Amino acid sequence: MYRAGLMCNECGDVEMHELRYVGRILARSTCLACGAAVKHDEADLRTAYLRDLESRLRTKPHRMLKRVARHPAKFISQLPSAIIHKPARLFEEAKPLVGGLAERARMSNRANQARGL
Amino acid sequence: MTSRGPKVAAVVLAGGGGTRFGGLHNKVYLPLAGRRVVSWSLSAMSRVPAVGRIVLTVRPEDRELADEILDREVPDLAVEIIDGGDTRHASEYNALHHLAADVRSGAIDIVLIHDGARPLIAPSLICELIDVARDVGGAVPGLPVSDVTEVDSKAHIRERFKECALVRVQTPQAFDAQVLLSAYAAAAAEGFTGSDTSSCIERFTDSVVKHVRGDERNIKLTYPRDLFLAEQILAASGYSLK
């Protein structure tokens with residue numbers, strides 16, 4: 001999550017905004033003064049995230065090589081921790097998508113129950 | 001231009017934005033398609049062969065963050081990080097002061113001033129601006145504005161501007177380096193603070209500043225929706241603007 005001063009359409013002024021990302025994709029921006037939010041379309045966000053994740057995985061070896069060439073000692077010292085924490089970080093970044101899917105499934109179930117299906 | 005000829009210096013301004021919220025919340029350090037906004041701006045400048053020096057002006061409190069980002073995202077670029085000022089004009093002045101020796105010696109003939117919050121600048125537009133600035137002294141990109149109307153103090157519409165009369169100005173703006181340096185020296189002597197680079201040139205020199213058609217994609221990140229749009233533009237271009 002990041003914060004930055006951006007112009008708010010509702011407030012008509014530069015206000016602090018909170019920006020939530022899913023991986024490298026901007027998912028939602030919220031004005032902290034008035035609550036106005038701009039969101040990435042949920043279905044498109046999933047597609048964009050998966051496409052981006054694929055690109056990240058494909059380019060990871062190259063990026064790691066560049067990093068190890070620049071700062072070998074730092075890279076090696078941080079590698080064990082990165083390996084341990086990476087799965088949790090990936091899960092954490094994808095959680096809003098999983099949460100969105102679960103929420104839609106719950107709503108669909110409720111709608112089906114209401115219709116007596 | 002040969003590699004031994006005068007070079008262009010690109011100044012990327014990243015010193016503002018946090019006026020009310022502090023430097024850590026400057027939008028140029030927001031992630032955009034896997035990199036920070038400012039990294040995209042710097043990368044675009046580096047892809048122009050004529051650009052020989054790149055200067056980044058930052059708030060002093062952002063220096064460590066800027067160093068870290070550059071080291072991680074654009075490690076191959078030789079970017080000179082300097083402190084900006086309280087205003088855009090002051091940041092430009094600091095950058096020109098930093099480049100002054102090379103400008104006076106003729107090693108730098110053109111200075112580009114670019115807003116770090118415009119990450120989608122295309123190298124082809126930068127090249128065109130440099131060429132025009134070398135020809136006439138200054139070049140400013142802009143897009144024609146067709147929906148502008150003059151309104152008087154009683155809110156009565158008076159006149160509709162002709163389409164060709166107004167342009168929405170973008171950056172980078174390119175100027176003859178010596179003219180720009182002398183304009184900013186004159187401005188400093190007079191205590192003048194310009195709203196943008198060309199205003200200083202217009203006030204203190206006779207140099208011609210020519211309009212070059214800008215690029216619709218060269219948006220300034222102002223509203224949250226601009227970030228979404230920039231992300232889409234980058235995705236559509238395969239994260240590599242031509």
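Coordinate-derived values only; no laboratory data. Since the structure is predicted, the reported quantities are computational estimates derived from the model, not experimental observations. All Cβ positions, glycine included, derive from the backbone under ideal geometry; neighbour counts span all protein chains shown.
One table, with the values for the structure above:
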read-out: Test: residue in the range B:52-67 that is touching a residue at least 60 places away in the same chain (Cβ under 8 Å) and of a type outside the set (F, W, Y); value: yes
read-out: Tabulated pairs, the range B:31-44, first more than 9 Å from every other protein chain (Cβ to nearest Cβ) and in contact (Cβ under 8 Å) with a residue 40 or more places away in the chain, second part of a helix (DSSP H, G or I) and crowded, with 24+ Cβ neighbours inside 10 Å, C-beta under 6 angstrom, 6+ apart or interchain; value: B:V37/B:V28; B:V38/B:V28
read-out: Filter result (within 24 Å of B:K220 (Cα to Cα) and under 16 Å from the mean Cα position of the chain (by Cα)) within the range B:177-195; value: B:L180, B:G194, B:S195
read-out: Subset of the range A:34-67 (residues that are within 11 Å of chain B (Cβ to nearest Cβ), farther than 17 Å from B:A236 by Cα and either assigned to a strand (DSSP E or B) or in contact with a strand residue (DSSP E or B) (Cβ under 8 Å, 6 or more places away or on another chain) (or both)); value: A:A36, A:A37, A:V38, A:K39
read-out: Options A:E93, A:E18; residue that is in a helix (DSSP H, G or I), surrounded by 14 or more Cβ atoms within 10 Å (Cβ to Cβ) and of a type outside the set (S, T, Y); value: A:E93
read-out: A:L65 being on the phi < 0 side of the Ramachandran plot and touching a residue at least 60 places away in the same chain (Cβ under 8 Å); value: no
read-out: Top-ranked residue of the range B:198-208 - restricted to ones that are out of contact with any strand residue (DSSP E or B) (no Cβ under 6 Å at 6 or more places or on another chain) and closer than 17 Å to B:D115 by Cα, ranked as surrounded by the fewest Cβ atoms within 10 Å (Cβ to Cβ); value: B:S199
read-out: When residues of the range B:206-227 are limited to those that are of a type in the set (K, R) and more than 14 Å from chain A (Cβ to nearest Cβ), the one nearest to A:R28 (Cα to Cα); value: B:R217
read-out: Residues of the range A:1-15 satisfying the condition of being over 24 Å from A:V98 (Cα atoms) and part of a loop (DSSP other than H, G, I, E, B); value: A:C8, A:N9, A:E10, A:C11, A:G12, A:D13
read-out: Failed criterion for B:I130 (all others in (1) assigned to a helix (DSSP H, G or I); (2) farther than 29 Å from B:E73 by Cβ; (3) under 14 Å from the mean Cα position of the chain (by Cα) hold); value: (2)
read-out: Hits in the range B:110-135 (condition: out of contact with any strand residue (DSSP E or B) (no Cβ under 7 Å at 6 or more places or on another chain) and surrounded by fewer than 22 Cβ atoms within 10 Å (Cβ to Cβ)); value: B:A122, B:P123, B:S124, B:C127, B:D131, B:D135
read-out: Failed item, numbered, when A:A43 is tested on (1) surrounded by 11 or more Cβ atoms within 10 Å (Cβ to Cβ); (2) under 30 Å from B:T222 (Cα atoms); value: (1)
read-out: Leading residue by the ranking (nearest to the other protein chains (Cβ to nearest Cβ)) among those in the range A:3-33 that are closer than 19 Å to B:H25 by Cβ and among the basic types (K, R); value: A:R3
read-out: Contacts under 7 angstrom Cβ, first residue in the range B:74-87 being touching a residue at least 12 places away in the same chain (Cβ under 8 Å), partner surrounded by 14 or more Cβ atoms within 10 Å (Cβ to Cβ) and assigned to a loop (DSSP other than H, G, I, E, B), 6 or more apart; value: B:G84/B:G15; B:G84/B:R59; B:G85/B:G15; B:T87/B:T193
read-out: B:L227, sole failed condition from (1) assigned to a helix (DSSP H, G or I); (2) in contact with a strand residue (DSSP E or B) (Cβ under 9 Å, 6 or more places away or on another chain); (3) of a type in the set (A, V, I, L, M); (4) surrounded by fewer than 19 Cβ atoms within 10 Å (Cβ to Cβ); value: (4)
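A quick yes/no check of all residues on (1) part of a loop (DSSP other than H, G, I, E, B); (2) crowded, with 20+ Cβ neighbours inside 10 Å:
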{"residue": "B:F175", "(1), (2)": "no, yes"}
{"residue": "B:L180", "(1), (2)": "no, yes"}
{"residue": "B:A189", "(1), (2)": "no, no"}
{"residue": "B:F192", "(1), (2)": "yes, no"}
{"residue": "B:K210", "(1), (2)": "no, no"}
{"residue": "B:D215", "(1), (2)": "yes, no"}
{"residue": "B:N218", "(1), (2)": "yes, yes"}
{"residue": "B:L221", "(1), (2)": "yes, yes"}
